[in-house]
Amino acid sequence: MNPASTAAASGSSAGAGAVGGASAVAARVRVRLPAQLQKLAQLPAEIVVQVDGAVTQRAVIDALEREHPVLGGTVRDRATGKRRPFVRFFAGESDLSNASPDEPLPAAVCESREPFVVLGAIAGG
Amino acid sequence: MSSVRLLVGTRKGAFVLTSDGRRERWKVEGPHFGGWEVYHVAGSKANPERIWASQTSSWFGQVLQRSDDGGKTWLAVGNEFSYEGDPGAHLWYDGTPRPWEFKRVWHLEPSLDDPDLVWAGVEDAALFRSEDGGKSWQELPGLRLHPSGPRWQPGAGGLCLHTIVLHPGDPARMVVAISAAGVLSTRDGGSTWAPANRGLRSQFLPEPEAEVGHCVHKVVAHPSRPDVLYMQKHWDVMRSDDWGASWQEVSGDLPSDFGFAIGVHAHEPETIYVVPITSDSEHYPPEGKLRVYRSRTGGGDWEALTEGLPQAHCYVDVLRDAMTVDSLEPCGVYFGTTGGQVYASADAGDTWAPAASNLPAVLSVEAQTLP
């Protein structure tokens, strides 16, 4: 079984109280990766990262880079911290790409009901 | 028996080609990092089993890979290339200031004697150095902070530092080339730099003989005569006998003096190779004939080498890092094309045969001569 599925099935350790504010309990956030980054980091399509405090884009990517250093700099620029132009972030049907990196993520992501999706823009014609 | 390993970077991954010393049959392994652009793959001179690869993507940025087993397995190492201090601005295509921004590693130049030491030439143009095998990178900011830096302007491929020439007799001396700033040299290990472009003439510049602004495509030197430099410029093939203090044109009777790649014979420091390309708007060989030109006089007089190369309807390009030599006897010469061929000559260019075909567009070729 995919470890992410296990995490999703067992529910999140973060309660609704984690949304929008710091929580004393670490949240386990599901993150779905594009194929190129799965291959680079030798990871499955979906993983779980542990986020301490408020569950924001920045916190999730901090955790992603901390737990998988090979992904450092691949979804956001190392110098500026900005999302790479051809990378998008989604949660459910919401495109969060242009949201503030410090804005709380939707409750469904914080509670592991939905993954935080990192998507590479399609290429081709 | 000696063998040769070719390290090939392409638009869609890296390939490792190996052959015994006859260099007739090649085993092709790869792609490594499939789907990613690999600008350069370079092996350590001190430990040939150690190889670095610049893996890059417009989507996911820069990754640096290292192998310690001759390219069989790879490990991602450090990819943090941070400019020292306030990076400042260079000129953009339209002449307006543009902040320096790291984009990718174009070229890796391993130390001649230390397996943990490697230099990286990057876009936007700067020089970095790693002393721990690529885990961490430090900029040598004296180059980017040269007073001419704010006047550097990108060529069509970006403002890239694509050439690093180490001086085998003096580790404090180094030459780099930047498109489109030109050549700069240091005599103090990279703390201070001076433009080395006297004698270059570029008609596209308001001042054709300006101190900086030249679109130098590649510079090479022979290890036994490091003060002699050969250059393929945007237009013009050039030569310096005083380590870049002055340059003379040696295009001679070439059918076109536009091109990207240039190489030096391993045992004959006055024997050099270029691949003429029609023009800066027609990036393919003149008349659709893929010809390597060899000069045995350090430039000026050139002969076409055609045996085994397509002589009709060939419209590929040969990029700046895509030509190299081995150190066997006779000298092997290799080049890769944007059509995905890697051509090999085991007789110093007299005859050619494909070592690989139908690869993605080739960006770089390096040869390792193994015992």
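Readers should treat all values here as calculations from the given coordinates under stated rules, not as data from a laboratory. These numbers were taken from a predicted model, which means no experiment stands behind them. As a convention, Cβ positions derive from the backbone with ideal geometry for all residues, glycine included, and neighbour counts pool all protein chains shown.
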Legend entry - 11 Å beta-carbon shell around B:Ala172, net charge (K/R +1, D/E -1): 0
Legend entry - Ranked B:Arg198, B:Arg66, B:Arg129, B:Arg25, criterion: other C-beta atoms within 10 Å, fewest first: B:Arg25, B:Arg198, B:Arg129, B:Arg66
Legend entry - Rg ratio (alpha-carbon, reference 2.2 N^0.38 Å) - segment B:215-371: 0.95
Legend entry - Considering only the protein assembly as shown, percent of DSSP beta bridges that pair antiparallel, nearest 5: 95 percent
Inset, instruction - For segment B:150-189, report the convex hull volume of the alpha-carbon atoms normalised per residue, in Å³, without decimals. - result: 59 Å³
Inset, instruction - For chain B, divide the Cα radius of gyration by the Kirkwood radius and give the resulting Rg/Rh value with two decimals. - result: 0.93
Inset, instruction - Work out, step by step, the length gained on full extension between B:Asp113 and B:Phe204: first 0.36 nm times the residue separation, then minus their alpha carbon distance; give nm to one decimal. - result: 28.7 nm
Inset, instruction - Could you tell me, in Å, what Rg and Dmax come out for the Cα atoms of segment A:22-120? - result: 12.2, 34
Inset, instruction - Determine, for B:Lys45, B:Lys27, the number of other Cβ atoms within 10 Å of each Cβ, and report the residues in order from fewest to most. - result: B:Lys27, B:Lys45
Inset, instruction - Please give the average number of partner chain Cβ atoms lying within 10 Å of the Cβ of each residue in A:73-79, rounded to a whole number. - result: 6
Legend entry - trypsin sites (Lys or Arg not before Pro) restricted to segment A:51-101 and DSSP loop, no more than 11 other C-beta within 10 Å: A:Lys82
Legend entry - Structure-based [θ]222 nm, the protein assembly as shown - -39500 (n - 2.57) summed over DSSP H runs of at least 4, per residue, nearest 500: -1500 deg cm²/dmol
Inset, instruction - Compute the Cα gyration tensor for segment B:301-341, then decide on rounded, prolate or oblate, letting a ≥ b ≥ c be the square roots of its eigenvalues: rounded whenever a/c is under 1.5, prolate when a/b is larger than b/c in the other cases, and oblate in all that remain. - result: oblate
Legend entry - Contact order relative to length of segment B:270-309, as percent, for alpha carbon pairs under 8 angstrom and 6 or more apart: 40 percent
Inset, instruction - Work out how much length B:Glu101 to B:Asp347 would gain on full extension: take 0.36 nm times their residue separation and subtract the Cα-Cα distance, in nm to one decimal. - result: 84.2 nm
Legend entry - chain B - percent relative contact order, Cα under 8 Å, separation 6 or more: 13 percent
Inset, instruction - At q = 0.07 Å⁻¹, what is the base-10 log of I(q)/I(0) for the protein assembly as shown according to the Debye formula with one equal point scatterer per Cα and no solvent? Please give it to two decimals. - result: -0.41
Inset, instruction - Could you tally the net charge around B:Ala266, taking each other residue with its Cβ under 12 Å from the Cβ of B:Ala266, Lys/Arg +1 and Asp/Glu -1? - result: -3
Inset, instruction - Work out the count of Lys pairs in chain B where the Cα-Cα distance is under 19 Å, with the pair 8 or more places apart or on different chains. - result: 8
Legend entry - Total formal charge among the other residues, if their Cβ is under 13 angstrom from that of B:His217, Lys/Arg +1 and Asp/Glu -1: -2
Inset, instruction - Using every Cα-Cα pair within segment A:31-77, state what percent have a distance larger than 13 Å. - result: 52 percent
Legend entry - For segment B:36-214: relative contact order, % (alpha-carbon pairs under 8 angstrom, 6 or more apart): 15 percent
Legend entry - Computed FRET value (nearest 0.05) for B:Lys72 with A:Thr80, which takes r as the C-beta separation and R₀ as 30 Å: 0.25
Legend entry - B:Thr18, B:Thr56, A:Thr80 arranged by Cβ crowding within 10 Å, fewest neighbours leading: A:Thr80, B:Thr18, B:Thr56
